[in-house]
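A.B. asks: One structure is given below, represented as C-alpha cells, and several questions about it will come after.
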Amino acid sequence: MSKQNELRRLLKQTDTFLERASVMLSTGKRGEPFPPNTEFSEEETKSYENSLITLASQLLKVPDVPRTTWYPPIQYAYRYVEGQKKTKWTWLEQFHTGLLNTKSFFNTFLEDTSNKEYNLNIENSTGVIIAIENENSTIELINNLSDNDLNELGKELAQLRNILKSKSKTREHDIAIGRLAEAEVSATNKDKKGLLVNLKKTGNWVFETATKIGISVTSKIISEMIKTQ
C-alpha cells in the first residue's frame, strides 16, 4: 500500500475514532449507556497507534518522531493524566484531543490539493457557512484570513461548542459537536483548509443553532475569508 493510501486509511480511521469518542463522552456524561460498538478495545487502539507511528516515521524520514512535532494519541492521553487531577472522563477527553491533533498533523502530508477550487455558500444575513464543495468556482477561500482572525474564530467556535454540549440530544448531535471541535483545532493550528472542511462536516444543526443563539462565523470574517472574481 502506498504512503498516500495508508495515510488516507489512517485518517479515515481517526475520523471513526473521533466520532466514537465524542459519542462516548456525550452519552456517558449524561449517564446513558454507551451505544453498541463505540467502546475501544486495547487491541484496536494499539494496532492503530503503531500504524500511526510507523507512517509518521516514514513520512518524516526519521527513526523516532519528536514529541514536539507529534504526540501519538494514546501516549498523549496517558502523559496528560499522569500526576494530574483526574475525573472519570479525563483519559477519554485527552485521547479525543490527541486524535484531533493527530488528524491535523497527518492532514499536512496529504497530496497538495491547493489548486482545487471551491464553491462557498453562505447565509447573507448571518455569514454562516452552509456548504463548501470541491466544484469549479471563481471563489478563492480564506487566503486573506490573518493569524489574529483565526485566533478569534477559534475562540468563537469554542464558545459555540460549549453551548451546543448542553443542547445535544442525539448521537448525530454528539458527532456534529466533535466535528466542531475539529474545526476549532484547525483554527488554532492555522490550518485554513482543515477549518473549512471541518465546518462543512458539522452540518445544519450546528449552523441553525449558531444562528438562533447569535454565535456564528461573522460576516466580517467571511468577507476576509474570500475574494470574488
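Taken together, the values in this text are just the output of simple stated rules run on the coordinates, not laboratory data. Being a predicted model, the structure only gives us computed values, none of them experimental. Note that each Cβ is placed from the backbone with ideal geometry, even for glycine, and that neighbours are counted across all protein chains shown.
A.B. asks: Take Thr38 and Asn148, extend 7 Å from each Cα along the Cα→Cβ direction, and tell me the distance between the two endpoints in nm.
C.D. replies: Simple spin-label model gives 4.2 nm for this pair.
A.B. asks: Still on this structure: Mind ordering 184-193, 57-66 by average Cβ neighbours within 10 Å, highest first? Please list the in-between numbers first.
C.D. replies: Values: 184-193: 20.1, 57-66: 11.6.
Answer by packing, highest mean first, reads 184-193, 57-66.
A.B. asks: Moving on to the next point. Can you tell me the order of 163-176, 10-23 when each peptide is scored by its average per-residue count of other Cβ atoms within 10 angstrom, highest first?
C.D. replies: 10-23, 163-176
A.B. asks: Here is the link list: Lys88/Lys165; Lys169/Lys201; Lys103/Lys155. Which ones come out longer than 23 Å on Cα distance? Please list the in-between numbers first.
C.D. replies: Details: Lys88/Lys165 18 Å; Lys169/Lys201 18 Å; Lys103/Lys155 20 Å.
Pairs exceeding the cut-off: none.
A.B. asks: From the cross-link list Lys12/Lys190; Lys61/Lys190; Lys46/Lys190, which pairs have alpha carbons spaced over 28 Å apart?
C.D. replies: Beyond 28 Å: Lys46/Lys190.
A.B. asks: Rounded, prolate or oblate: which one fits segment 3-107, using the alpha carbon gyration tensor with axes a ≥ b ≥ c (rounded when a/c is under 1.5, else prolate when a/b beats b/c, else oblate)?
C.D. replies: In terms of gyration-tensor shape, oblate.
A.B. asks: If neighbour count is taken as other Cβ atoms inside 10 Å, put Tyr48, Tyr78 in order from fewest to most.
C.D. replies: Ordered from fewest to most neighbouring Cβ atoms within 10 Å, Tyr48, Tyr78 come out as Tyr78, Tyr48.
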